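No value in this document is a laboratory result; all are computed from the given coordinates. The structure displayed is predicted, hence computed values, not measured ones. Here Cβ is always computed from backbone atoms with ideal geometry, including for glycine, and neighbour counts include all displayed protein chains.
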Amino acid sequence: MDDDTGAPAPAGGASRKSERLLNLLIMLLVQRHYVSKERIRAILYPDSRPDAFEKMFERDKEELRSLGVPIEVGSIDPLFDDEPGYRISPDQFALPDVRLTADEAAVVGLATRVWEHARLADATTDAVRKLTAAGVEVDVSALDLVEPRLSADEPAFDVFWDATQARQEVEFDYQRPGFEKPSRRHLQPWGVVRHAGRWYVLGLDTDRNEERVFRLSRVVGEATRVGAPGAYEIPDGVDLRETTRRLAPTQVVVEATLLLRKGAGATLRRAASSVANDVPGPDSDSPWDRVVVRADRLADDLLALGPDVVVEAPEGLREELLARLRATVGAA
Amino acid sequence: MARAGRPAPSGAKDQVARLLTLVPYLHSHPEVRLDQTAEAVGSTPEQVVKDLGVLFMCGLPGGYPDDLIDVDLDALEDPEEGGLRLEGVIRVSNADYLARPLRLTPTEASAIIVALRAMRGTAPDDTREVVDRALAKLEAAAASTPGGTALVEPGADDDSAAVRLRASLEDAVARQRQVRLTYYVPARDEESERVVDPRGVITANGVAYLDAWCHSAEAPRLFRLDRIHEAAVLDSAVETAPEPPRDLSDGLFQRSQETTLVTLELQPPARWVIEYYQVEAVRPVRGRGRASSRARGSGPVQVDMLVADHRWLLRLLMRLAPHAKVVSPPELDQEFRDTAQRTLRQYASDA
């Protein structure tokens, strides 16, 4: 916690700098017109030499901007536009008025617990503190709602999140499964989506000039932002929900009648709409039950149970299983 | 700046950021105590008083005493002890131009909106409407953020039962209560009951696990949340000393178990295994398939995996049938085909 020169700050140095930053902010915020550099120097940097002033002033402006303070640059005299002036518009500076009802405020309070990603969890907390400072009373105790958790442990997540926001191209190495080597890719990211616990990025692949989706866990090494921020526009009509629908396999829910060996298929039994105990089965090694279940993509789960389950209906599922089993046995 | 990302931290910058939240808070909460203020803004009483000391030196650029912000620092200091008066009331005046907090940064706006969208996805119907209202107001407030908010869609693949399970497990961790789990063990196709001392819920590769001391195994165990069929939080306190949940960033499995190195050959429909499970090596299969399909990565691949339980592997192979086979050891491939044969025979008997 010292000045950004890296040298230890003298005692009181940090707070003197804080005073200067805050006084600069107040000066630019309360003026109706652009304030000239000369005036800023005379009032806030009276003892500094010209080159030292330029350096300090540039850095101070940058620090305020990085906090989100909108410092505008304009011309003081429209006839002589060689001297720039500075101001902060109060409307651009301040959080717009947000009025939350008690239950909405409770929801917002819970939102601080959603991110399992340190930087975004902090950002959410900072956002809620600003709302609280504006007079919103956040109360997390009143609501019967449990928050979900968003984790983002893919190392490339931050780079793509920032690049999506800054509209900045990203260069990265991408490993598709089954390929020998990763390949270098370039993407103008449009948005980031999560599906089944994993994050994906959608954007324009500039090498192919086509829309593409990449899975962030397949990015190898460090992804880097290249090129200038604001280099492209996100096309109208980009629909991230539609992208997640494309990532999700289509659901094919069927109702199936199964013979299950006693004690087998606990997960299927929990989803069952009916169970008839002790019915005749394909072998007499154990008792069998008849179970009716509605589920998506049953074939894989049923094959995993091996000789402990037999499909009675529907015929299509039965045929699929038989074909896959015959192909396995025949392939020997 | 050498790297993209956050600039180097600056004490002064952080202090200004704190003040831009502190002053509006004091403006909207007149007559508030020092300790309450510190809690509300996520600071300490000492830091709040230091920050107020800076504020005391700031004000309008006129240079007259009346231009300065007025802070009653005496009310916060204990003249006898030289310490702070936590119950002292903070009074700040002459700072009306800082009465509104700074607007949300793009990252703050995106982070909170995405969090609320995720809550919307799992909220029960009656509270979803509340989330929608809050979301609409915050989206309106964020609309003034330059560059807007990032396009981020958190998805809605957690159902509310899963969210509730996680909450009750975390509650048990916080209160140090034992949990009785009904857990599905896929390798044995079995539900088992066991009492555990929960240590925490952790996530790796998008999958959530409960880390706990298992009293049946008398060892620490990881339980996948999507395989916990029931979880009853008991009144009994945990018996083992609480420990932080383990760090899964280096992979899920310690190599201490007895494992067999198995080589599988996977056809493209079975290739998801490579990303879903920990594998040691992946090689394209040479000499078969057209060279062009190998180059595109659409041919078969060989993978090496360490397998601790043969029954688990057998179920995986059956699930993948007929798109996987065992290259080595050969006796495992024979076992797989025998299982397929026995399964097929079950259908012959009722024909």
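Counting other beta carbons within 10 Å of each residue's own, what order do A:LYS181, A:LYS37, B:LYS137 fall into, fewest first?
Fewest-to-most Cβ neighbours within 10 Å comes out as A:LYS181, A:LYS37, B:LYS137.
7 Å from Cα along Cα→Cβ at both B:TRP312 and B:ASP247: what's the point-to-point distance in nm?
2.4 nm
For B:ALA136 and B:GLN334, what does the FRET efficiency come to when R0 = 56 Å and r is the distance between their Cβ atoms, rounded to the nearest 0.05?
Calculated value: 0.35.
Compute the distance in nm between two label points, each set 7 Å from the Cα along the Cα-to-Cβ direction, one at A:GLN31 and one at A:SER286.
In this crude label model, A:GLN31 to A:SER286 measures out at 8.3 nm.
So what's the projected area for chain B, the Cα convex hull averaged over all directions, in nm²?
30.7 nm²
At a temperature of 20 °C and a viscosity of 1.002 mPa s, determine how fast the range A:102-151 diffuses translationally according to Stokes-Einstein, using the Kirkwood radius over alpha-carbon pairs as Rh; express D in µm²/s, rounded to the nearest whole number. Kindly include the intermediate steps, with their values, before the conclusion.
Working: Rh = 11.0 Å.
Estimated via Stokes-Einstein, D reaches 194 µm²/s.
Tell me, what is the Rg over Rh of the protein assembly as shown, with Rh the Kirkwood radius over Cα pairs?
For the protein assembly as shown, the value is 1.05.
I'd like the orientation of helix A:157-166 relative to chain A: the angle between its Cα long axis and the longest Cα principal axis, in ° from 0 to 90, rounded to 10.
Roughly 50 degrees between the two axes.
On a 0 to 90° scale, report how tilted helix B:106-122 is relative to the longest principal axis of chain B, with both axes built from alpha carbons and the result rounded to the nearest 10.
Relative to chain B, helix B:106-122 is tipped by roughly 50 degrees.
Provide A:ASP301, A:ASP239, A:ASP60 in ascending order of the number of other Cβ atoms located within 10 Å of each residue's Cβ, fewest first.
Ascending number of Cβ neighbours within 10 Å: A:ASP239, A:ASP301, A:ASP60.
Please work out the FRET efficiency for the pair A:ARG241 and B:ARG164, using the Cβ-Cβ distance as r and a Förster radius of 30 Å; give the result to the nearest 0.05.
For A:ARG241 and B:ARG164, the calculated efficiency is 0.75.
Take B:MET57 and B:ARG224, extend 7 Å from each Cα along the Cα→Cβ direction, and tell me the distance between the two endpoints in nm.
Label-label distance for B:MET57 and B:ARG224, simple model: 5.9 nm.
Taking the Cβ of each residue in B:LEU313, B:LEU116 as the centre, tally the other Cβ atoms inside 10 Å and list the residues starting with the fewest. Please list the in-between numbers first.
Working: B:LEU313 21, B:LEU116 26.
Sorted ascending by nearby Cβ count, the order is B:LEU313, B:LEU116.
Could you tell me whether the range A:225-332 comes out rounded, prolate or oblate from its Cα gyration tensor? Rule is a ≥ b ≥ c as square roots of the eigenvalues, rounded for a/c under 1.5, then prolate if a/b exceeds b/c, otherwise oblate.
It comes out prolate by the Cα gyration axes.
Quick one: divide the alpha-carbon radius of gyration of chain A by 2.2 N^0.38 Å and tell me what you get.
Normalised Cα radius of gyration, chain A: 1.54.
What FRET efficiency would be calculated for the residue pair B:ALA217, B:GLN341, taking the C-beta separation as r and a Förster radius of 25 Å, to the nearest 0.05?
0.15
For the range B:168-183 and the range A:280-320, write down the distance between their C-alpha centroids in whole Å.
35 Å
So how far, in whole Å, is the C-alpha centre of the range B:20-51 from the one of the range A:144-187?
If you average the Cα positions of each part, the centres end up 38 Å apart.
So between A:ARG16 and A:SER66, what do we pick up on full extension, going 0.36 nm a residue minus the alpha carbon distance? Mind dumping the intermediate values first?
On the way: separation 50, 0.36 × 50 = 18.00 nm, distance 1.92 nm.
Between A:ARG16 and A:SER66, full extension yields an extra 16.1 nm.
Cα to Cα, under 21 Å, and not fewer than 8 places away if on the same chain: which lysines meet these conditions relative to A:LYS130?
Filter leaves B:LYS13, B:LYS50, B:LYS137.
What does the charge count around B:CYS214 come to, taking other residues whose C-beta lies under 13 Å from its C-beta (Lys +1, Arg +1, Asp -1, Glu -1)?
-1
What residue among B:ILE113, B:ILE274, B:ILE202 shows peak mean-square fluctuation when chain B is described by a Gaussian network model with Cα springs under 10 Å?
Judging by the Gaussian network model, the answer is B:ILE274.
Two-decimal Rg/Rh of the range A:13-93 from alpha-carbon positions, Kirkwood Rh?
Values: Rg = 12.4 Å, Rh = 13.0 Å.
My calculation of the ratio gives 0.95.
Rounded to the nearest 5, what % of the DSSP beta bridges within chain A are antiparallel ones?
Among the beta bridges of chain A, antiparallel pairing accounts for roughly 95 percent.
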